[in-house]
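The values are calculated or read from the model by the stated rules, or taken from the named source; none is laboratory data. Owing to the predicted nature of the structure, the values given are computational and were not obtained by experimental measurement. In this analysis, Cβ positions are derived from the backbone assuming ideal geometry, glycine residues included, and neighbour counts consider all displayed protein chains.
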Amino acid sequence: MLAGLFFAADLILWHHAIEDVGAGLSTVLGNTQVVLVGLVAWTLLGERPSTRALVSIPIVMVGVVFISGAIGAGAYGAHPARGVLFGVLTALMYTGFLLTLRHGNQDVRRPAGPLCDATAVSALACLVAGLALGDLDLTPSWAATGWLVLLALSSQVLGWLLISLSLPRLPAVLTSILLTLQPVTTVVLGIVLLNESPSALQLVGAAAILAGLVAVSTSRRSTAAAPVVEAG
């Protein structure tokens, strides 16, 4: 249930970040949780991150500043600074979701159970938050509903089941590196399909964040503290 509340907050903040700074950059920002998971695990669980992980933190932070538009001109997005704030908060909520779900998913024989519980609570929390914030469309078109069903069954249901199955079975390093391809692909598809046009500095910032993510992913950590790149 707690994981579901974290995930609801993650999704709501992420969608606001998408509105402010675009799909590609907001996805890169959300995946700064790869760094945050190690810090939170260190603080709460006593799992000290590697030296490489600690060195990657300032690299990621520089990337966040570049994406925010605080340096240079022509930053993409309606509100790039606010979008970065939402993106970082997304990463924090996603960190809480991952660590909580991992704790409740220790029985590798039943990965769908905790995921189902968390998803149900997340849906209910999003419904309540959407009504409270006035963000909920109660009469979506059939086309919009169809796209949402496709999204739910593909990246959310199938994607998370595959992640839940792979986490206990693959080395943390391999899993993290493979999933780091997702924000890279999102930036490219955002440019190609959605006509997003990040500035040169924002692209440098995205590259800096991705470099930090790869550095963390390739450092040897225990599987229990392994981060996951957001699917969906």
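Report whether or not Leu124 is at pLDDT 90 or above, surrounded by 14 or more Cβ atoms within 10 Å (Cβ to Cβ), more than 26 Å from Gly212 (Cα to Cα) and over 17 Å from the mean Cα position of the chain (by Cα).
yes
Which members of region 195-211 meet the condition of being touching a Gly at 6+ places or on another chain (Cβ under 7 Å) and in a helix (DSSP H, G or I)?
Of everything in region 195-211, those that are touching a Gly at 6+ places or on another chain (Cβ under 7 Å) and in a helix (DSSP H, G or I) turn out to be Leu201, Gly205, Ala206, Ala208, Ile209.
Can you pull out every residue in region 1-54 that is part of a helix (DSSP H, G or I) and hydroxyl-bearing (Ser, Thr, Tyr)? I'd like the intermediate steps shown before the answer.
Residues of region 1-54 that are part of a helix (DSSP H, G or I), as a first pass: 2-21, 23-30, 33-45, 51-54.
Those that are part of a helix (DSSP H, G or I) and hydroxyl-bearing (Ser, Thr, Tyr): Ser26, Thr27, Thr43, Thr51.
Condition (residue is crowded, with 20+ Cβ neighbours inside 10 Å, over 21 Å from Tyr76 (Cα atoms) and touching a Gly at 6+ places or on another chain (Cβ under 6 Å)) applied to region 6-26: is it met by at least one residue?
Within region 6-26, one or more residues are crowded, with 20+ Cβ neighbours inside 10 Å, over 21 Å from Tyr76 (Cα atoms) and touching a Gly at 6+ places or on another chain (Cβ under 6 Å).
Which of (1) over 20 Å from the mean Cα position of the chain (by Cα); (2) buried (at least 20 other Cβ atoms within 10 Å of the Cβ) does Ala73 not meet, given it meets every other one?
(2)
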